[in-house]
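See below for the structure under consideration.
Please treat every number below as a calculation from the coordinates, not as lab data. Being a predicted model, the structure only gives us computed values, none of them experimental. Because the Cβ atoms are built from the backbone with ideal geometry, glycine has one as well, and the counts that use them run over all protein chains shown.
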Amino acid sequence: MNNVIEIEGLRVERGGRTVLPDLSVVVPSGQVVGLLGPSGSGKSTLIRTVVGVQVVAAGSVQVLGEPAGSPGLRHRIGYVTQDPSVYDDLSVRANVRYFAAMLGAPSSSADDAIAAVDLTDHADALVGRLSGGQRSRVSLAAALVGDPELLVLDEPTVGLDPVLRRDLWGLFDRLAAQGRSLLVSSHVMDEAARCDRLLLLREGRVLADATLPELLERTGATDAEGAFLALIDRAEEAAR
């Protein structure tokens, strides 16, 4: 499969406002694809659409060859929300085993997922007593326990210090090297350098779908933030 996500003519309306007016994009397999843009650009709405929990007004969304939200995708997609979706009053191991049971995965897969996010030494600790970065990794372990083909991560590094952000991106790279595909949203432009490909989103529209070197060459900028601002300026000039 060349693409893990194929979206065409997507329109999403929320609260009487059009969030995604007419979006078409593909996400290639086996890569870390960064969905970048400022707060309010539609990143979370797009991610909710991909995992099948967002009502759409028009368009088609195919994920791993099936319509988004299909029952057959439940075991094939791992979804990590912005806020850790784990239980503070349970241990790390109990949390991940719970999600394993929900997916019908063997309990041994919980220990494998915990090891993958480097939390084995904290497996018996209550999640509520962990740091923010550790809690984010517990959520990631819960998403990994079903051995998903696609990981969809909604701003997983928000609020984390630079060291924790670096460590998480290192983990994402290792997961991609194992053959998984990742769609990772962020509003931190310097994380663009960590991605194989970038989708730059603003006001529900894709400003660019390219690699970072391609973006820099296209805009003449020296970094992702400069490229993003240059694209915004061009879009505003074209709209006048």
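The table below gives the values:
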read-out	value
Net charge of neighbours whose Cβ lies under 12 Å from the Cβ of Val55, counting Lys and Arg as +1 and Asp and Glu as -1	+2
Nitroxide proxy distance, nm - points 7 Å out along Cα→Cβ at Asp22 and Asp223	3.6 nm
Estimated FRET transfer efficiency (Ala94, Arg174; beta-carbon r; R0 35 Å; 0.05)	0.90
Nitroxide proxy distance, nm - points 7 Å out along Cα→Cβ at Ser60 and Arg234	3.0 nm
Dipole of the chain, positive direction: furthest Cα of Val206, Ser185, Ala105, with charges on the beta-carbon	Ala105
Estimated vicinal HN-Hα couplings, Hz - segment 70-77 in sequence order (Karplus 6.51, -1.76, 1.60; Gly, Pro = x)	4, x, x, 8, 4, 8, 9, 10
Highest average packing first - 128-136, 158-166, Cβ atoms within 10 Å	128-136, 158-166
Cα centroid of segment 66-100 to Cα centroid of segment 197-217, whole Å	29 Å
Relative contact order (percent, whole number), segment 83-148, Cα cutoff 8 Å, 6+ residue spacing	47 percent
Listed candidates (1) 50, 48, 35; (2) 59, 37, 35; (3) 52, 37, 31 - label of the one calculated as Cα extents along the principal axes in Å	(2)
